[in-house]
Amino acid sequence: MEPVGYTPHLDAVFAALADPTRRAILARLAEGEASVGELARPFAMSQPAVSKHLKVLEQAGLISRGVDRQKRPARLEAARMAEAVAFLDQFRAHWDQRLDALAGLLDTLQHKEISDE
């Protein structure tokens, strides 16, 4: 049984987001489009290696590539990211309740400790 909000795209999105280099590339693209060379600059890797990361991001629908054959600038595509956020949001209420219960327990223990003194 799949959770509410699950789409087949989510597996590719979460697999793409699992890599720290790809997350860094997405963070850079959030500032605006960039060429492979511009994206490779901060990393100790070749442009072909960065291109492989871009291909994974593109297949996951997280970026798109320009049609200019010379540069092929990459740009962020936020719609798939929004799907991932919506999927994760369904768990937020659960964790908020758990954290509220923990905070209540800590508060009770602190008040008990003060009254025991």
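Which residues does the label zone of Asp11 cover in the stretch 74-117, counting backbone N under 20 Å from a point 7 Å along Cα→Cβ?
80-88
Out of every Cα-Cα pair in the stretch 20-117, what percent are more than 23 Å apart?
Pairs farther apart than 23 Å: 48 percent.
Fully extended, how many nm does the chain gain between Glu31 and Ser115 (0.36 nm per residue separation, minus their Cα-Cα distance)?
Fully extending the segment from Glu31 to Ser115 adds 24.9 nm.
If you take the beta carbon distance between Ala79 and Ala49 as r and set R0 to 30 Å, what does 1/(1 + (r/R0)^6) give as a FRET efficiency, to the nearest 0.05?
Once rounded, the FRET efficiency stands at 0.65.
Enter the angle in degrees (range 0 to 90, nearest 10) between the Cα long axis of helix 20-29 and the first principal axis of the Cα atoms of the chain, meaning the one along which they spread out most.
Long axis of 20-29 versus the principal axis of the chain: about 70 degrees.
Counting each DSSP H run of 4 or more residues in the chain as -39500 (n - 2.57), what helix-only mean residue ellipticity at 222 nm follows after dividing by all residues, to the nearest 500 deg cm²/dmol?
It comes out at -20000 deg cm²/dmol, rounded to the nearest 500.
Show me 46-53, 90-97 ranked by packing, highest mean number of other Cβ atoms within 10 Å first.
Per-residue mean Cβ counts within 10 Å order the peptides as 46-53, 90-97.
Quick one: helix 78-89 against the long Cα principal axis of the chain, what's the angle to the nearest 10°, folded into 0 to 90?
Between the helix axis and the principal axis of the chain, the angle is about 20 degrees.
If contacts are Cα pairs under 8 angstrom and at least 6 residues apart, what is the relative contact order of the stretch 9-89 in percent?
It comes to 36 percent, rounded to a whole number.
Quick one: helix 92-116 against the long Cα principal axis of the chain, what's the angle to the nearest 10°, folded into 0 to 90?
With both axes taken from Cα atoms, the answer is about 40 degrees.
None of the figures in this text is laboratory data; all of them are computed from the coordinates on show. Quantities reported herein were computed from a predicted structural model and do not represent experimental measurements. For neighbour counting, all protein chains shown are included, and Cβ atoms are generated from backbone atoms with ideal geometry for every residue, glycine included.
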